[in-house]
1. Inspect all residues belonging to the stretch 36-43 and state whether any of them is at pLDDT 90 or above, in a helix (DSSP H, G or I) and loosely packed, with under 12 Cβ neighbours inside 10 Å.
2. Looking at the stretch 8-22, I want the residues that are surrounded by 13 or more Cβ atoms within 10 Å (Cβ to Cβ) and have a partner that is at pLDDT below 70 and in a helix (DSSP H, G or I) with Cβ atoms under 7 Å, at least 6 apart or on another chain. Which pairs are those?
(Lines give C-alpha, C1' and ligand atoms only; values in the text may rest on other atoms or scores of the structure.)
Protein backbone atom coordinates (compact mmCIF):
# COMPACT_ATOMS: atom_id res chain seq x y z
CA UNK A 1 0.00 0.00 0.00
CA UNK A 2 1.41 3.42 -0.89
CA UNK A 3 2.33 5.88 1.84
CA UNK A 4 -0.28 8.56 2.47
CA UNK A 5 0.13 11.90 4.14
CA UNK A 6 -2.46 12.24 6.95
CA UNK A 7 -2.89 15.90 5.99
CA UNK A 8 -4.59 14.61 2.81
CA UNK A 9 -7.32 12.64 4.61
CA UNK A 10 -10.68 13.89 3.37
CA UNK A 11 -11.92 14.90 6.83
CA UNK A 12 -8.85 17.13 7.23
CA UNK A 13 -8.64 18.54 3.72
CA UNK A 14 -12.28 19.50 3.02
CA UNK A 15 -14.09 22.52 4.39
CA UNK A 16 -12.87 25.28 6.63
CA UNK A 17 -10.47 22.90 8.40
CA UNK A 18 -11.88 23.73 11.81
CA UNK A 19 -11.86 20.89 14.37
CA UNK A 20 -15.69 20.89 14.39
CA UNK A 21 -15.87 20.48 10.59
CA UNK A 22 -13.20 17.77 10.65
CA UNK A 23 -15.04 15.86 13.41
CA UNK A 24 -18.41 16.16 11.64
CA UNK A 25 -16.98 14.93 8.33
CA UNK A 26 -15.15 12.06 10.03
CA UNK A 27 -18.39 11.01 11.80
CA UNK A 28 -20.25 11.16 8.48
CA UNK A 29 -17.67 8.89 6.83
CA UNK A 30 -17.84 6.41 9.72
CA UNK A 31 -21.66 6.30 9.55
CA UNK A 32 -21.59 5.89 5.76
CA UNK A 33 -19.25 2.91 6.17
CA UNK A 34 -21.68 1.34 8.64
CA UNK A 35 -24.53 1.67 6.12
CA UNK A 36 -22.38 0.24 3.33
CA UNK A 37 -21.97 -2.93 5.39
CA UNK A 38 -25.78 -3.34 5.36
CA UNK A 39 -26.02 -3.22 1.55
CA UNK A 40 -26.34 -6.37 -0.53
CA UNK A 41 -24.48 -4.76 -3.42
CA UNK A 42 -22.65 -1.51 -4.09
CA UNK A 43 -22.69 -0.02 -7.57
CA UNK A 44 -19.48 1.66 -8.66
CA UNK A 45 -19.04 4.03 -11.60
CA UNK A 46 -16.17 2.08 -13.17
CA UNK A 47 -15.48 -0.96 -15.32
CA UNK A 48 -14.02 -4.32 -14.37
CA UNK A 49 -11.39 -3.94 -17.09
CA UNK A 50 -10.13 -0.71 -15.52
CA UNK A 51 -9.66 -2.11 -11.98
CA UNK A 52 -9.83 -5.93 -12.06
CA UNK A 53 -7.89 -6.40 -8.80
CA UNK A 54 -10.26 -4.11 -6.92
CA UNK A 55 -13.41 -5.84 -8.15
CA UNK A 56 -11.93 -9.28 -7.56
CA UNK A 57 -11.05 -8.34 -3.98
CA UNK A 58 -14.47 -6.74 -3.37
CA UNK A 59 -17.04 -9.06 -4.98
CA UNK A 60 -20.03 -7.13 -3.57
CA UNK A 61 -18.96 -4.01 -5.49
CA UNK A 62 -20.50 -4.12 -8.96
CA UNK A 63 -18.88 -2.07 -11.70
CA UNK A 64 -21.40 -0.25 -13.86
CA UNK A 65 -19.92 2.09 -16.34
CA UNK A 66 -18.04 4.15 -16.63
CA UNK A 67 -20.98 6.54 -16.81
CA UNK A 68 -19.74 9.82 -18.24
CA UNK A 69 -21.36 13.19 -17.59
CA UNK A 70 -19.97 15.20 -20.46
CA UNK A 71 -21.47 18.42 -21.76
CA UNK A 72 -23.54 18.77 -18.59
CA UNK A 73 -25.77 21.61 -19.72
CA UNK A 74 -26.90 20.05 -22.98
CA UNK A 75 -26.64 16.29 -23.41
CA UNK A 76 -26.89 14.21 -20.24
CA UNK A 77 -24.69 11.25 -21.12
CA UNK A 78 -24.11 10.03 -17.56
CA UNK A 79 -27.69 9.10 -16.74
CA UNK A 80 -29.79 6.02 -17.37
CA UNK A 81 -32.82 7.86 -18.74
CA UNK A 82 -33.16 10.94 -20.88
CA UNK A 83 -34.43 14.03 -19.08
CA UNK A 84 -38.13 14.60 -19.66
CA UNK A 85 -39.49 18.03 -20.50
CA UNK A 86 -42.98 17.10 -19.23
CA UNK A 87 -42.17 16.74 -15.53
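The values are calculated or read from the model by the stated rules, or taken from the named source; none is laboratory data. All of these numbers come straight from a predicted model, not from anything done at the bench. Counting neighbours? That spans all protein chains shown, and the Cβs are built from the backbone with ideal geometry, glycine included.
1. The answer is yes; a qualifying residue exists.
2. 22/11; 22/12
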